[in-house]
Structure formats: C-alpha cells, structure tokens
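Everything on this sheet refers to the single structure shown next.
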Amino acid sequence: MSLIRNILLWSSKNYWISHKLPKYKFVQKSVLRFMPGETLDHALSKCSELEDIGYGTIITYLGENSLTKTQTLNTVKQYKDALGSIDSRSLKSVISVKLTQLGLDIDEELCVDNLKQLLNMADLKNTFVWIDMEEYIYLELTLKIYKKLIQKHNNIGITLQSYLYRSEDDLESLLDIAPYIRLVKGAYAEDSSVSMHNRNEIYDNYIKLANIMLEKNILKNGLIPSFATHDHQIIYSLINKINADKIDKSHYEFSMLYGIRRDLQDEILNSDQNLKILISYGEEWFPWYVRRLAENPKNLILLIK
Ligand SMILES: Cc1cc2nc3c(=O)[nH]c(=O)nc-3n(C[C@H](O)[C@H](O)[C@H](O)COP(=O)(O)OP(=O)(O)OC[C@H]3O[C@@H](n4cnc5c(N)ncnc54)[C@H](O)[C@@H]3O)c2cc1C
C-alpha cells in the first residue's frame, strides 16, 4: 500500500502526468466524488445546502506553488470574490489557504502581503482564514509567518501534522499564542528522517497531540482545536475524553473533507458535535485529487473501474 501511495504522490508532482490525465473525461468525472464542481458557485451552493442541515463549512480554492506574482494575485482575487460571496449569501463559511499559492516560493514578503489582504477582508466580513500545512520544506517559514501575523490578526488558524516527529514541539511552541490549531495526520510524501511512516505511530501521535490540546488548562487558555480527520477510532476516542471531561462543544470542533466518509459525517453531526466540511473548488485539482487517492488506494480501484 505504501508503494502505491508513494507512486501516487510522485505522480501528483510529475509535469507530464498532471497535464495529461486531467484532460480525460473519466478522471474529470471521478474527481466529482471529492468536490461539487470547479466554480465558486458550485462550492458555495453546496455550503448553503450543508449549512441548512447543520454542518459548518470551509472552502479552499485549489492550486499550489504559484510561480509568478500574477498567479498569486489571481489567487488573492479568487479568495476575495469568495469572501464577498460568503458575505452576500449570508453563509458562515471560512476559507483555508496554502501559502505556496500566495507566493511562498517567490518571495516571503509578497506571500505575507497577500495573506494580510485576505485576513483584513475576512475580518471585515466577520470570517476566518485557516493556513494549510504543506510539505516539510515550508514548515519553518509557514510557522514564522503565522507567528508574526497572529500578533495582529485574531481570525487566523494554523495546521499541524501528526506524522511529523517535531509536531509535539511545534504544538508546545504554539499553545501560548495560537487560539486556533487544526490537527491533521499529514498528506505529503516526506522523508523518514522527519516523518513517521507507520500508520499506528501516526495514529498514536495524533491521539497524543489531540489529548494535549484538550487538556483543561489549555482550553481554559482559549485554544479551540479543530480535529481534522475521518478516522472514526480517533474521533470516538476524543469524544469519549470530551464526554468524560464534560468539555462544552463550543471549545473544539471536528472537520472532514467533502465526499469522504459521508456516513461518519452524518453520524458525528447527529451526535450533536460541531462538524465543518471542507469543500474544494477550482481548475487546478489534479495534485490535490491524487493526494486524496493516495490516502485510500481503494479509490484507485474505483477510478480504474
Ligand atoms: C479539514 C481538513 C484539512 C486538512 N488540511 C491539511 C493540511 O493542511 N495539510 C495536510 O498535510 N493535510 C491536510 N489534510 C489531510 C490530512 O492530512 C489527511 O491526509 C486526510 O485527512 C486523511 O487522513 P485521516 O485522518 O482521515 O486518516 P486515514 O487513516 O487516512 O483515514 C481514515 C479513514 O477515512 C477514510 N478516508 C480517508 N481519506 C480517504 C480518501 N481520500 N478517500 C476515501 N476514504 C478516505 C477511510 O475510510 C480511512 O480508513 C486535511 C484534512 C482535513 C479533513
């Protein structure tokens, strides 16, 4: 399984594959399992539907590693349009952004400037910006930018990945300053010197970090953790702790990706938990789609069928 995962993750970065495959109709059709459509309207119509039945929503405009300033400005425009439409449609959606899409590979200052524009507009519209965590090479810079911006903006959250050995230290360094931390397992192919590869180890580390985030003194300090996972064993284990410690649901949330474990999504929502669904849109879906395939290689069989 891990060989298939590695091949898939490699193909998401391969120029030829990532330009050829998305042109095939069967690939275009199969991606619709994970996203309602390519346009903002597709995403927000789905947000509206989901919010009507009690889910929270997060949207993300697909794309990563912008290579030119113009590309980053287009990303900013897309997100500004999204924030405007969230407001005009009276939705409660928040946005989730990738710093490489905002220019991290080009110039740190450009990236920070782009992000600030989104934070300011999100603030005006009374909404929120999550920063995704990308590959390990961007981690230091992402944390540095986050730590700088959190001093002036309170509508920003950061993501940590439980597959990284250093995430416990990063969590400790964030606990005093970060009101919103999202915990994920991690979606990229990383070297074994920095990242765990064993599923049980990643699981155990997720539980360990999540339990730190749910400690009473940490929650009292104002942290609102977001547990972003479809792993039902993790979710049940956390709900047991939450119930045992009588933690109010306003102090944490769960989040999942659109189209993954819909049965579990309904179950969690029906058990009176706060659950946000992350909806992706945009034309640059191929690398993101392949990471979804890599998370569960059974998806590849469905695609081939
Ligand atoms: C809201 C949100 C934000 C995220 N942000 C980031 C980020 O910033 N950086 C980052 O590296 N990663 C991010 N991820 C992805 C994350 O790192 C994992 O790759 C992804 O969530 C799968 O891991 P899991 O915790 O669901 O556990 P897994 O063990 O992978 O999955 C648990 C179960 O869920 C189901 N499942 C999981 N994924 C799939 C799939 N693709 N197709 C079908 N079934 C599936 C399967 O039944 C599987 O057994 C995010 C995920 C979510 C939900």
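Considering only helices (runs of 4 or more DSSP H) fully contained in the range 12-54, which possess at least 1 residues that are more than 15 Å from Trp285 (Cα to Cα), open to solvent by less than 40 Å² (accessible area, probe 1.4 Å) and not β-branched (Val, Ile, Thr)? Can you show your working first?
On the way: elements: 15-20, 25-31, 40-52.
Where helices (runs of 4 or more DSSP H) fall fully within the range 12-54 and carry at least 1 residues being more than 15 Å from Trp285 (Cα to Cα), open to solvent by less than 40 Å² (accessible area, probe 1.4 Å) and not β-branched (Val, Ile, Thr), they are 40-52.
So which residues in the range 66-91 are open to solvent by 40 Å² or more (accessible area, probe 1.4 Å) and closer than 25 Å to Glu134 by Cα? Steps first, please.
Within the range 66-91, the subset open to solvent by 40 Å² or more (accessible area, probe 1.4 Å) is 67-71, 73-74, 77-78, 80-81, 87-90.
Passing the criteria: Leu67, Thr68, Lys69, Thr70, Gln71, Leu73, Asn74, Lys77, Gln78, Lys80, Asp81.
Give the residue, chosen from Ser66, Ser88, that is hydroxyl-bearing (Ser, Thr, Tyr) and closer than 27 Å to Ser195 by Cβ. Break it down stepwise before answering.
Details: Ser88 fails: closer than 27 Å to Ser195 by Cβ.
Being hydroxyl-bearing (Ser, Thr, Tyr) and closer than 27 Å to Ser195 by Cβ holds for just one of Ser66, Ser88, which is Ser66.
Would you list the helices (runs of 4 or more DSSP H) that sit entirely within the range 192-300 and hold 1 or more residues that are loosely packed, with under 13 Cβ neighbours inside 10 Å, touching a His at 6+ places or on another chain (Cβ under 6 Å) and not charged (D, E, K, R)? Show your work before the answer.
Values: elements: 199-213, 216-220, 232-244, 262-270, 286-295.
Hits in the range 192-300: none.
Give the residues of the range 286-305 that are more than 8 Å from the ligand (Cβ to nearest atom), touching a Phe, Trp or Tyr at 6+ places or on another chain (Cβ under 8 Å) and at pLDDT 85 or above, sorted by residue number. Steps first, please.
Kept after step one, since they are more than 8 Å from the ligand (Cβ to nearest atom), are these residues of the range 286-305: 286-290, 297, 300-305.
Of the ones still in play, those that are also touching a Phe, Trp or Tyr at 6+ places or on another chain (Cβ under 8 Å) are 289, 303.
Once the filter is applied, which keeps residues that are more than 8 Å from the ligand (Cβ to nearest atom), touching a Phe, Trp or Tyr at 6+ places or on another chain (Cβ under 8 Å) and at pLDDT 85 or above, the range 286-305 yields only Tyr289.
Considering only residues of the range 121-144 that are of a type in the set (Val, Ile, Thr) and within 20 Å of Gly222 (Cβ to Cβ), which is nearest to the ligand (Cβ to nearest atom)? Steps first, answer last, please.
Taking the range 121-144 and keeping what is of a type in the set (Val, Ile, Thr), we get 127, 129, 131, 137, 142.
Subsequent filtering for residues that are within 20 Å of Gly222 (Cβ to Cβ) retains 127, 129, 131.
Numbers: Thr127: 16, Val129: 13, Ile131: 8 Å.
If we take residues in the range 121-144 being of a type in the set (Val, Ile, Thr) and within 20 Å of Gly222 (Cβ to Cβ), then Ile131 is nearest to the ligand (Cβ to nearest atom).
Count, please, the residues in the range 1-54 that happen to be modelled with pLDDT under 80, under 19 Å from the mean Cα position of the chain (by Cα) and of a type in the set (A, V, I, L, M).
1
Would you point out the residue of the range 145-190, among those that are aliphatic (A, V, I, L, M), farther than 20 Å from Lys208 by Cβ and part of a helix (DSSP H, G or I), that is nearest to the ligand (Cβ to nearest atom)?
Filtering the range 145-190 down to residues aliphatic (A, V, I, L, M) leaves 145, 149-150, 156, 158, 160, 164, 171, 174-175, 177-178, 181, 183-184, 187, 189.
Cutting the leftovers down to farther than 20 Å from Lys208 by Cβ gives us 145, 149-150, 156, 177, 189.
If we keep only those that are part of a helix (DSSP H, G or I) as well, we get 145, 149.
On the way: Ile145: 14, Leu149: 16 Å.
Here the residue is Ile145.
The values are calculated or read from the model by the stated rules, or taken from the named source; none is laboratory data. The structure presented is a predicted model; accordingly, all values stated were derived computationally and were not measured. Neighbour counts run over all protein chains shown; Cβ positions are idealised from the backbone, glycine included. Just so you know, the surface numbers come from the protein's heavy atoms only, side chains and all, with ligands and any DNA or RNA stripped out. Shrake-Rupley method; radii C 1.70, N 1.55, O 1.52, S 1.80 Å.
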